Amino acid sequence: MADYDLTIIGTGPGGYVCAIRAAQLGLKVAVVEKRKTHSGTCLNVGCIPSKALLHASDLFEEAGHDFARLGIKIGAPKLDLKAMMGHKDETVEANVKGVEFLLKKNKITAFQGVGRIVAAGLVEVTPEKGKAETIATRNIVIATGSEVMPLPGLEIDEKSILSSDGAIALSSVPGRLLVIGAGVIGLELGSVWRRLGSEVQVVEFLDRILPGMDADVAKTFQRTLKKQGVKFRLSTRVTAAKASAKGVKVTMEPAAGGTAETVDVDAVLVAIGRRPYTAGLGLEELGIARDKQGRVETDGNFRTTIDGIYAIGDAIKGPMLAHKAEDEGVAVAEILAGQKGHVNYDVIPGVVYTMPEVAAVGKTEEELKEAGIAYISGKFPFTANGRAKAMRKTDGFIKVLADARTDRVLGVHMIGASVGEMIHEAAVLMEFGGSAEDLARTCHAHPTMSEAVREAAMAVAKRTIHM
Ligand SMILES: Cc1cc2nc3c(=O)[nH]c(=O)nc-3n(C[C@H](O)[C@H](O)[C@H](O)COP(=O)(O)OP(=O)(O)OC[C@H]3O[C@@H](n4cnc5c(N)ncnc54)[C@H](O)[C@@H]3O)c2cc1C
């Protein structure tokens with residue numbers, strides 16, 4: 001006899017959302033989490049703490065550089081890093097407590113300890129102290145997430161050679177910070193410390209920043225970050241870093257090969273990506289297939305190669321994003337309850353929470369070109385938007401990519417203040433298969449930054465009003 005209909009290993013955004021949805025649908029649910037708190041990478045050391053620091057450091061920067069131009073004289077703002085970290089810690093605690101409350105409210109049984117799948121239908125939980133126990137369960141969902149990708153030649157000590165975990169918890173501002181990797185996490189955390197006073201240099205192996213995002217947006221973004229004082233070394237490979245009492249000696253060389261060079265910095269942030277985390281789960285013993293990158297292989301219904309065992313979130317293929325993990329959690333719960341849960345991978349927004357923000361949904365121009373799809377691009381800059389001018393936030397633009405034959409919107413790319421909020425009107429439009437004309441004919445409140453989205457849609461038909 002099974003004790004539970006469903007046992008989920010890992011309570012990150014994938015796991016806890018899956019648990020809540022399954023409980024709503026009448027399943028008896030257990031979760032297993034090895035951390036002291038629920039909510040996974042995202043709420044404990046990822047999305048939420050980084051956004052708390054991005055928000056606070058952005059206001060610090062504004063107070064120091066922009067207030068005077070708006071007629072507000074306050075003198076130079078002083079940084080109280082301990083208090084700023086306190087704000088971050090309180091934010092994390094409030095969110096994590098919220099998830100614990102939701103699990104209880106939905107009558108989900110929580111086990112604390114390391115989960116291991118003994119066989120289909122059996123999960124063993126080993127707590128930090130005390131005896132292991134075994135849960136009998138009809139179905140199992142692997143939601144064990146991801147971990148920091150290490151870089152050979154560098155040993156992360158979280159003091160001066162940092163992963164994102166260390167970079168959100170520093171007790172002083174490093175004088176010179178070298179960020180390895182120009183992806184989302186590196187640029188967000190690099191921005192935080194640049195605003196708080198670090199000299200930031202970003203080293204990237206590829207010849208561009210934000211790989212995978214629209215190249216046009218990435219170019220504008222790099223230019224804007226450069227204006228803010230971030231230095232970039234593209235097409236460069238870091239081969240070693242040695243920490244000492246004086247700082248860190250970092251060795252790098254051109255990606256294509258060539259003469260190595262050493263630079264001295266105070267701290268290094270290794271942000272070259274994350275890799276799926278499935279250690280100790282028992283996947284090898286069970287014969288659950290994984291791909292070359294270590295991701296658990298799943299079919300269109302999130303089933304692994306063993307019946308009754310499913311996987312979601314960062315542990316499987318697809319973008320490593322909290323909302324993608326959440327949607328997969330909902331889909332699996334609905335499938336297990338006999339419904340037709342599914343995820344539309346063509347409409348998963350992505351946001352970089354810097355200033356300006358970068359946001360995207362759907363295909364990039366590069367992807368459309370590669371797929372041989374004829375498209376029309378409509379672009380509108382924030383320099384021509386009244387609200388952006390009123391707020392002195394005119395950096396950036398909106399770009400709408402529409403099918404040349406049907407006018408259906410295939411991708412929307414944004415760079416500018418608050419675009420992380422604005423991207424969702426594009427997501428809703430695309431979810432409903434909307435056209436650029438649908439967007440262009442939808443009345444938008446004036447004055448808003450969102451009017452630029454409408455104007456970009458108008459630009460597809462070459463009929464912008466304000467350009
Ligand atoms: C600095 C940073 C910033 C980020 N910012 C964003 C952002 O702004 N937006 C966004 O969408 N994404 C962001 N991400 C990515 C996001 O955090 C992940 O995509 C998301 O957390 C994945 O959810 P998940 O449920 O798959 O896994 P996770 O959140 O990693 O949760 C997995 C959980 O499983 C537990 N676990 C693992 N193995 C076991 C085991 N054997 N037994 C018991 N428990 C186990 C772990 O302890 C963990 O709590 C960020 C990540 C980082 C590091």
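List of remarks:
- Residue-count net charge about residue 145 - beta-carbon cut-off 10 Å; Lys, Arg +1, Asp, Glu -1: -1
- Separation of the residue 223 and residue 424 label points, Cα + 7 Å toward Cβ, nm: 3.1 nm
- Take the Cα of residue 136, step 7 Å toward its Cβ, do the same at residue 106, and the gap between the two points is 2.6 nm.
- Net length gained if the chain between residue 297 and residue 35 were fully extended (0.36 nm per residue, minus Cα distance): 91.8 nm
- Gyration tensor (alpha-carbon) shape descriptor, the stretch 89-171, a/c threshold 1.5: oblate
- The mean sequence distance of close C-alpha pairs (under 8 Å, at least 6 residues apart), as a share of the length of the chain, puts its relative contact order at 14 percent.
- Taking Cβ atoms as reference points and 10 Å as the exclusive limit, the residues near residue 170 contribute a net charge of 0, counting Lys and Arg as +1 and Asp and Glu as -1.
- Three-way shape label, the stretch 47-201, alpha-carbon gyration tensor, a/c 1.5: prolate
- From its DSSP helices (H runs of at least four residues, each -39,500 (n - 2.57)), the chain gives a residue-normalised ellipticity at 222 nm of -9500 deg cm²/dmol.
- Cα-based shape type of the chain, given that a ≥ b ≥ c are square roots of the gyration tensor eigenvalues and the cut on a/c is 1.5: oblate
- Of the solvent-accessible surface of the chain, computed with a 1.4 Å probe and all protein chains present, 53% belongs to carbon and sulfur.
- Loop-exposed chymotrypsin sites (Phe, Trp or Tyr not before Pro) per DSSP, neighbour cap 13 Cβ within 10 angstrom, longest uninterrupted part of the chain: 1-344
- Summarising the strand pairing of the chain, around 60 percent of its internal DSSP beta bridges are antiparallel.
- Summing Lys and Arg as +1 and Asp and Glu as -1 over all other residues whose Cβ lies under 11 Å from the Cβ of residue 128 gives a net charge of +4.
- Between residue 158 and residue 51, the C-beta separation translates, for a Förster distance of 22 Å, into a calculated FRET efficiency of about 0.60.
- Gain in span if fully extended, residue 2 to residue 285, counting 0.36 nm per residue against the direct Cα distance: 99.7 nm
- With protein chains left intact and a 1.4 Å probe, residues in the chain average 47 Å² of accessible area per residue.
- Between residue 306 and residue 263, the FRET efficiency estimated from the beta carbon spacing at R0 = 45 angstrom works out to 0.40.
- Chain lengthening between residue 251 and residue 128 when straightened (0.36 nm per residue, less Cα-Cα): 40.3 nm
The values are calculated or read from the model by the stated rules, or taken from the named source; none is laboratory data. Nothing here was measured: the structure is a model prediction, and the numbers come from that model. As a convention, Cβ positions derive from the backbone with ideal geometry for all residues, glycine included, and neighbour counts pool all protein chains shown. SASA here: full protein model, heavy atoms, side chains in, ligands and nucleic acids out. Shrake-Rupley method; radii C 1.70, N 1.55, O 1.52, S 1.80 Å.
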